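Read the structure below first, then the notes.
The values are calculated or read from the model by the stated rules, or taken from the named source; none is laboratory data. Computed from a predicted model, the values in this text were never measured in an experiment. Cβ: placed from backbone, ideal geometry, glycine included. Neighbour counts: every protein chain shown.
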Amino acid sequence: MAAKLILDDQSIDLNVIEGSEQERAIDITALRNTTKHITLDPGYGNTGSCKSSITFIDGEKGILRYRGYPIEELADNATFPEVMYLLIYGKLPNKEELGNFNHDMTYHSMIHEDMKRFFDGYPRDAHPMGVLASMVAALSTFYPENTPEDVDKNVIRLLAKMKTLAAFAYKKTMGQPVIYPQNHMTFEENFLNMMFAVPCEPYVIDPVITDALRLLLILHADHEQNCSTSTVRMVGSSQANLFISISAGIAALWGPLHGGANQRVIEMLTKIDADGGNFKKYVAMAKDKSSGFKLMGFGHRVYKNFDPRAKILKAASDKLLNKLGVSDPLLQIAKELEDIALKDSFFVDRKLYPNVDFYSGIIYRALNIPTRMFTVMFALGRLPGWIAQWMELRNEPGGRISRPRQVYTGENVRKFVPIAER
Ligand code: SDX
């Protein structure tokens, strides 16, 4: 297949490539050399940065699959370690592979005692995302990587240690002593125990809570070339090490337009609740550009009908709150907002629907996760996806450094003027 580009008096044939789900792309690799032109696509809304076999999204049909498995099936049946393994190594592990994987992650969960002291240096009210990004970067000073074997081991170290770093960051904000990982616990049990146990009182594991966390982690595990994953790939393309590449991904995720939205959603719902639940006022503000107010948790660059993760989380939040006997006024406000927005032409015309961040905070609250930890939870879930994408990039034969071009719109050449003449 080919596309024909007519440019001035030139007619150039450009290759059209087709993916395994019949998505098509015009290959412009040779465009600048043959036409002296580049393309321009601020925000990369129409630009493919790579070929990838990890995650498939169909934004029109609300399809999300990890290595071909529908998110709905993984959400219902998989453990988070199974999904980690699937994303990173490309297949669901058999019993022995999963046993070894869980063993390795368990026995690498502790961080070096010298790293523990870093936490003393942060201010008490340090945002846990800032702590997490810097602590993950610091792992590169303890575990340098020079060989492929180092990289393989560092993948396990990072999968195992990030939940420990996240829980320690939370303990820092609470002024409580850290709780060490326990080797007999599952991934979710260990994280919740490190978060909520205190030396004077053990944390009681509740399977309803650990299963809700399992669901949240799986739903966040990967999402093709989103902002933070593209950042991880960008940094990894310079052959920077795994830890520093993932630290850059954590930084990108923190932004309120991306992973930081889940914290902003709850802050928005809390504000509406405090304002007498007057959600219509906030819908009107969201429609008024001059207000600068956005309906956080709404809209998506790719999903233009619904975010399948939001659908799953909406149902799960209802079920969980019923199981826990908890009623959260913010859930009702969220549902009212969704109802009114889905009937309002402003949102319908712009194809703005609830995204993964809209309901996730309701569940985090039910798990007693504090709001400032919400984006850390997103990062914990997204970690295997970031790693899988980084490894796919690094294992690409002849992989090149990512270096986009630009269209220069500044001053033309001019002579330097000595200060006496300015
Ligand atoms: C995530 O990419 C991923 O896959 C991300 C993610 C993942 O798993 O990695 O899915 C996770 O980041 C989800 C998104 C979380 N962010 C938010 O909920 C923040 C609120 N949403 C928006 O900021 C926005 O919708 C984005 C950032 C999500 C998408 O931005 P786009 O694709 O650049 O869309 P846009 O800003 O150009 O919006 C198109 C129109 C604009 O209006 P017009 O100029 O056409 O009149 O829709 C409006 C926007 O003003 N709009 C909104 C809105 N989102 C878009 N208006 C009100 N409220 C909103 N939330």
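Quick notes on this one:
- Residue match in the range 226-243 (condition: closer than 30 Å to LYS323 by Cβ and either of a type in the set (Lys, Arg) or surrounded by 15 or more Cβ atoms within 10 Å (Cβ to Cβ) (or both)): no
- Condition broken by ILE28, with the remaining ones in (1) outside the structural domain of ALA379 (by TED's automatic domain parsing); (2) surrounded by fewer than 16 Cβ atoms within 10 Å (Cβ to Cβ); (3) assigned to a loop (DSSP other than H, G, I, E, B) satisfied: (2)
- Top-ranked residue in the range 188-208 [being surrounded by 21 or more Cβ atoms within 10 Å (Cβ to Cβ) and under 23 Å from ALA315 (Cβ atoms); ranked as farthest from the chain's Cα centre (by Cα)]: LEU192
- Being assigned by TED's automatic domain parsing to the domain that holds LEU14 and either aromatic (Phe, Trp, Tyr) or within 17 Å of the chain's Cα centre (by Cα) (or both) holds for only one residue in TYR89, TYR85, TYR44, and it is TYR44.
- Filtered by the rule that a residue be among the aliphatic types (A, V, I, L, M) and in contact (Cβ under 8 Å) with a residue 24 or more places away in the chain, the range 258-283 gives ALA261, VAL265, ILE266, MET268, LEU269, ILE272, VAL283.
- Subset of the range 55-77 [touching a strand residue (DSSP E or B) at 6+ places or on another chain (Cβ under 7 Å) and either among the hydrophobic types (A, V, I, L, M, F, W, C) or part of a helix (DSSP H, G or I) (or both)]: PHE56, ILE57, ILE63, LEU64, ILE71, LEU74
- Every residue from the range 66-84 that is closer than 22 Å to TRP390 by Cβ and without any contact (Cβ under 8 Å) to a residue 60 or more places away in the chain: ARG67, GLY68, TYR69, GLU82
- The residue that is surrounded by the most Cβ atoms within 10 Å (Cβ to Cβ), counting only those in the range 390-422 that are among the basic types (Lys, Arg) and within 30 Å of HIS223 (Cβ to Cβ), is ARG394.
- Here the range 302-313 is the region considered, the condition is being buried (at least 18 other Cβ atoms within 10 Å of the Cβ) and part of a helix (DSSP H, G or I), and the residue that is nearest to the ligand (Cβ to nearest atom) is ARG309.
- Any helices (runs of 4 or more DSSP H) falling wholly within the range 217-301 and containing at least 3 residues that are more than 10 Å from the ligand (Cβ to nearest atom) and more than 17 Å from the chain's Cα centre (by Cα): 261-274, 279-287
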